[in-house]
Amino acid sequence: MTSGHPWLAAFKVYAHPRVIGMLFLGFSAGLPLLLVLGTLSFWLSEAGIARATIGHLSWVGLAYGFKFLWSPLVDRLPLPLLTARLGRRRAWLLLSQICISLALLGMANTDPVVNLTHTVFFALAVAFASATQDIALDAYRIEAVEIEKQGAMAATYQAGYRIAMITAGAGALWIAAAVDPSEATYDFRPWQVAYTAMAALMIIGMLTTLIIREPEKHVSHATEDREQHAREKFAGAGLSGNLLTATAWFYSAVLSPFIDFVQRYKWQALLILSLIAVYRISDVVMGVMSNPFYQEMGFSKDEVATVSKVYGVIMTIAGAALGGLLTVRVGVMRTLMLGAMLSAATNLLFVWLAGRGHDVGALVFTVSADNLSAGIASSAFVAYLSSLVNQAYSATQYALFTSVMLLLPKFIAGFSGEFVDAYGWANFFTGTALIGIPVLILIWLAGKSRMERKNAETQRTQ
């Protein structure tokens, strides 16, 4: 009679105000991503920009890969006026959201055919501000609720994020298609309207930031002792005044998160960072050219929006849910391996699609399989990254991991257009599948070292 009560109590966590707020903050975080990557590549392709140039412009996304460089500032630096009124996390969130909206308006009022440089500048501004929002949001999420509610926070964040991806992908394409007088010729105005609408939607994140409460930050005694010991050491070396304060701040905010990671994992830290760096490489490299591929295969904006940007995102959510279940049932490392295998294998379906040309049924099947596997991989990867983080340095370490995750894939993806020009679509998609093989080897090595570490810890406690 009481067997259902624990489940009922578990579902009540989704009524927590901060868990609900994360849905809207997730929307704010997910909206800018496609607008400087996938949707922008469709716009540029329709505008007649060369494939090689579109590939190079994907490097705009490297801003997400380098966010660890300024994450200590977001973590520790107060903003004039805003921090005193809103608190540190909300101040950085609001500033970044305002900057995203203004930069999107800049993109909306710049035609890449007339001035591609201005388009790139505003796209960079969107990416930089968006990466800053991600840093602040990760810090807020970690500090806002206790550990047992983090799963619910992550779930609502992902839901909001995926809804935003539908909006920025399918929504932007639908708006552009509705305003476009002709699919046959390029017209700047539809894209201007679409990106202006996207800029206006950032108000959802701004209002949420103003409504939510600043989280209470809990610093462990170990962290306080470590930073105090460092300050005493610097003082003993003859530093004083502002120089002592600046040096101690730099050590605690910038160096400590990295020192902690290396001390905990020792030589395995290099293996872990290598795995993080290449795990999503297959999907990222393929994803840059997916929209130009659809456009060249003759698929219309409406077809791409319906199949890829709506149905595909829904399948990603389903895959993420399945990945979460598999993580619980068979473990993180096994699910991580399965996700990597499926992500690489499903890229081969695009070889098949390239041979069929304009076939909506084949597009539905290919996109469904690809996004389902991506969802499984993403769920397992988030669980893996979360298991590596020290709560004392969660924001900076998480920014480091996500930055490492993007750097190499984004760099290689920049050459994707030139590869397609030289070798064709079939060889390109086959190549993206093959580069997933080293990932499988690294997962096996990381899983083996993880098991050895657990066994060693068990022996020490016995």
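Determine whether segment 67-83 contains at least one residue that is surrounded by 17 or more Cβ atoms within 10 Å (Cβ to Cβ), touching a residue at least 60 places away in the same chain (Cβ under 8 Å) and β-branched (Val, Ile, Thr).
Checking segment 67-83: at least one residue is surrounded by 17 or more Cβ atoms within 10 Å (Cβ to Cβ), touching a residue at least 60 places away in the same chain (Cβ under 8 Å) and β-branched (Val, Ile, Thr).
Restricting the search to segment 279-306, which residues are within 16 Å of residue 440 (Cβ to Cβ) and surrounded by fewer than 22 Cβ atoms within 10 Å (Cβ to Cβ)?
Narrowing segment 279-306 to residues within 16 Å of residue 440 (Cβ to Cβ): 279-283.
None - no residue of segment 279-306 is within 16 Å of residue 440 (Cβ to Cβ) and surrounded by fewer than 22 Cβ atoms within 10 Å (Cβ to Cβ), so the list stays empty.
Return yes or no: is residue 288 in contact (Cβ under 8 Å) with a residue 60 or more places away in the chain and either in the same structural domain as residue 33 (by TED's automatic domain parsing) or of a type outside the set (D, E, K, R) (or both)?
Numbers: in contact (Cβ under 8 Å) with a residue 60 or more places away in the chain: yes; either in the same structural domain as residue 33 (by TED's automatic domain parsing) or of a type outside the set (D, E, K, R) (or both): yes.
Against the criterion (in contact (Cβ under 8 Å) with a residue 60 or more places away in the chain and either in the same structural domain as residue 33 (by TED's automatic domain parsing) or of a type outside the set (D, E, K, R) (or both)), residue 288 qualifies.
Only one of these conditions is not met by residue 383: (1) within 30 Å of residue 272 (Cα to Cα); (2) crowded, with 23+ Cβ neighbours inside 10 Å. Which number is it?
Of (1) within 30 Å of residue 272 (Cα to Cα); (2) crowded, with 23+ Cβ neighbours inside 10 Å, only one is false for residue 383: (2).
Considering segment 302-353 alone, what residues qualify as being closer than 26 Å to residue 291 by Cα, among the charged types (D, E, K, R) and free of Cβ contacts under 8 Å to residues at least 24 places away in the same chain?
Of everything in segment 302-353, nothing turns out to be closer than 26 Å to residue 291 by Cα, among the charged types (D, E, K, R) and free of Cβ contacts under 8 Å to residues at least 24 places away in the same chain.
In the set 406, 363, 400, which member is under 20 Å from residue 262 (Cα atoms), touching a helix residue (DSSP H, G or I) at 6+ places or on another chain (Cβ under 9 Å) and touching a residue at least 60 places away in the same chain (Cβ under 8 Å)?
The match here is 400.
(1) modelled with pLDDT under 85; (2) more than 22 Å from residue 425 (Cβ to Cβ); (3) surrounded by 15 or more Cβ atoms within 10 Å (Cβ to Cβ): which one isn't true of residue 334, the others all being true?
It fails just one condition, (1).
Looking at segment 253-347, what helices (runs of 4 or more DSSP H) fall wholly within it and have at least 3 residues that are under 20 Å from the mean Cα position of the chain (by Cα)?
268-278, 281-288, 312-330, 332-346
For segment 360-381, name all the residues that are aromatic (Phe, Trp, Tyr) and modelled with pLDDT under 85.
If we filter segment 360-381 for residues that are aromatic (Phe, Trp, Tyr), which is where we start, we get 365, 381.
Once the filter is applied, which keeps residues that are aromatic (Phe, Trp, Tyr) and modelled with pLDDT under 85, segment 360-381 yields only 381.
Say whether the condition of being surrounded by fewer than 20 Cβ atoms within 10 Å (Cβ to Cβ), under 18 Å from residue 170 (Cα atoms) and aliphatic (A, V, I, L, M) is met by at least one residue in segment 342-360.
yes
The values are calculated or read from the model by the stated rules, or taken from the named source; none is laboratory data. Keep in mind it's a predicted model, so treat the numbers as computed, not measured. Every residue, glycine as well, gets a Cβ built from its backbone with ideal geometry; the counts of neighbours run over all protein chains shown.
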